[in-house]
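The values are calculated or read from the model by the stated rules, or taken from the named source; none is laboratory data. These figures come from a predicted structure and were not determined experimentally. We place every Cβ from the backbone using ideal geometry, glycine too, and count neighbours over all the protein chains shown. Accessible surface is based on the protein model in full, side chains and every heavy atom, while ligands, DNA and RNA are left aside. Shrake-Rupley method; radii C 1.70, N 1.55, O 1.52, S 1.80 Å.
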Amino acid sequence: MSDHSEPTETTAAIDPAALPSGTGCLECESTGGWWFHLRRCAACGHIGCCDSSPSQHATAHAAATGHPIIQSFEPGESWFWDYSNDQFYKHGPALAEPSSHPLDQPAPGPRGRV
């Protein structure tokens, strides 16, 4: 895994104005599932669960939509990942707030399902 500072070649896949779809994984919330950590699509704001979660909805969203870049939606984390080239970025453009799930939301979550 390479460690670059910012996504530069794929900035068209990032919409800084896109609002998060919620405070938890959109699909897990609708199906009663749970997640370890949350990821935010940098193109449309979809919140999905990480690849360590049972359903891996963030990766599924990227595959279904062609939106290749996600950002961590965990408090204190601002890194990005580009699925199109398996590239990790320590930093990237500021996305619309909120930048993480609420601090009182547990990981794994949501509260009461794990």
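Highest-first packing order for the peptide set 39-46, 93-100, 77-84 is 39-46, 77-84, 93-100, based on the mean count of other beta carbon atoms within 10 Å. Dividing the convex hull volume of the alpha carbon atoms of the chain by its residue count gives 92 Å³ per residue.
Its relative contact order, with pairs defined as Cα atoms under 8 Å and 6+ residues apart, puts the chain at 30 percent.
The residues of the chain expose, per residue, 51 Å² of accessible area to a 1.4 Å probe. For the stretch 1-113, the dipole from Cβ point charges (+1 on Lys and Arg, -1 on Asp and Glu) about the Cα centre works out to 300 debye, to the nearest 20. Here the accessible area of the stretch 18-114 is 54 percent carbon and sulfur, with a 1.4 angstrom probe and all protein chains present.
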